[in-house]
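The values are calculated or read from the model by the stated rules, or taken from the named source; none is laboratory data. What you are looking at is a predicted structure, and each value in this text was computed from that prediction instead of being measured. Cβ sites come from the backbone with ideal geometry, for glycine too, and all protein chains shown count toward neighbours. Areas reflect the complete protein model, heavy atoms only, side chains present, ligands, DNA and RNA absent. Shrake-Rupley method; radii C 1.70, N 1.55, O 1.52, S 1.80 Å.
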Amino acid sequence: MTSTGGGHSDPIGQRLFELVHRFPNLKEAAGRYEIILPLLRDADLSGGPVAIPAEPARAKMAGGLPLLHDLELELDRGAILDLMVRLISALAEVSGGNRVLYDRIKRALKNHRLDIGTLLSPVAADIRQAVQSEAHRLDLDPDLLLVLIQNAPKPALRAWCRQLSPLVDGIPWPNGFCFICGAKAILGELQDNHLVKHLRCGQCGADWQFSRLACPHCGNDDHHTLRYLYAEPDLEKMRVEVCDKCKNYLKVIVSFDPTSSEMLALEELETLVLDYIAQDQGYGCSIAGGRGPIAG
Ligand SMILES: [Zn+2]
Ligand SMILES: [Zn+2]
C-alpha cells in the first residue's frame, strides 16, 4: 500500500486501507488493486457509440443473447495497448520483486509483438487458454499477462454498459451470464430494503435482477439442493450460495445501494473468505470460464 493511514481522498484507496486493516494477509493483493482500479476508472476510453436501436436490442435480449454479441464494435486497440503499458509500468513500481517479468511484457507491448487482436477477440472465449499460449509463445509471465488482458477492456465495456442498459430496462434476464457482454456474474447483491437479488458483471458492471432461489450456473431451483454457507462474523453481510447439482457457487453480499462498477472488484476481494469456504467444501469457482463475447 502506498499510504500509511486512513483519510484517503480517493474512495478506492480508503476502502483498501480499511480492508487491509481487517485482513492483513490481503496486503499484497490490495497493493495491486490500488494501482489498477484508479487507472481503469480514470482511463479515457469510451469505447465509441454502439449502433443498436432500442427495439432490436430488446428483441435480442428477449432471445437470450447478450447485447454486444455479434455487434460491430469499435474497440480502440491503440488506447487499450496504451492502458496496458500504463498498468504494467505502475504494477512494476509496486512489485518490489522481479522487475524483469514486468519489463518483458512492457517491451512486448511496445514492440507490438503481442497478438492483441486474438486476445481481445470474441472468439477467445476461453481467455485463460489464449493467454497461456500467447505467454508461452513470447516467454512472458502468464499470470501478469492475464491481469492485463482481463482488465484493459473494462473501461470500454463499462461505457457500453452505461449506454445500453437504459435501452433494455425492464426486460427480464434469467441467466447467470451478463446481458451486456456475456461474462459470468462475479457476485450477487441483495439490494434495497427488500433485499432483492441482483447479479453483477465484473467486466462491464452490468446489474440485473435474478431469482432469489436459483443457481445462476445451471438454473437449478430445487431448494433441497441449494444451500447457504456463512463466514463468521459477517453472517448478516455476506454468504455463499452453493448448488449441489452442479457443484458451483455464488458469493452474495448485502448492499442496499448497487455497488459502483469500479468498486465491484473490491467487494470480490473483501469476500475472498467465502471462496475459501466454498472451495474447501468441494464447490467450483464461481468465475470460471471465459470473459464472454466482447469486441473484436
Ligand atoms: Zn458484462
Ligand atoms: Zn447449479
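Report the calculated FRET efficiency for His223 and Arg137 (r = Cβ-Cβ distance, R0 = 41 Å), to the nearest 0.05.
Details: r = 48 Å, r/R0 = 1.17.
That pair, His223 with Arg137, gives E of 0.30.
Could you tell me which residue out of His224, Gln163, Leu39 lies farthest along the dipole of the chain toward its positive end? Charges go on the beta carbon: Lys and Arg +1, Asp and Glu -1, centred on the Cα centre.
Projecting each Cα onto the dipole axis, the largest value belongs to Leu39.
Would you mind pulling out the separation of the Cα centroids of region 150-165 and region 32-87, in Å?
Computed from Cα coordinates, the inter-centre distance equals 3 Å.
At 222 nm, what helix-only mean residue ellipticity would the chain give, in deg cm²/dmol to the nearest 500, using -39500 (n - 2.57) for each DSSP H run of four or more?
Details: 11 runs with 121 residues, N = 296.
Counting only the DSSP helices, I get -12500 deg cm²/dmol.
How compact is region 163-296 by the rule of thumb for globular proteins, expressed as Cα Rg over 2.2 N^0.38 Å?
0.99
Per residue, what volume in Å³ does the Cα convex hull of the chain take up? All intermediate terms of the calculation are to be shown ahead of the outcome.
Details: hull volume 41.4 nm³, N = 296.
So the per-residue hull volume is 140 Å³.
Give the accessible surface of region 151-296 per residue, rounded to a whole number of Å², with probe radius 1.4 Å and ligands, DNA and RNA excluded.
41
For region 33-119, which whole-number percentage of the solvent-accessible area (1.4 Å probe, protein heavy atoms only) is attributable to carbon and sulfur atoms?
Working: 2240 of 4480 Å².
Of the solvent-accessible surface of region 33-119, carbon and sulfur hold 50 percent.
What nm value, rounded to one decimal, do you get for the distance between Tyr230 and Glu74 when each label is placed 7 Å out toward the C-beta?
5.2
As a test question: what accessible area, to the nearest 10 Å², does Glu241 have when a 1.4 Å probe is rolled over all protein chains in place?
Answer for Glu241: close to 20 Å² accessible.
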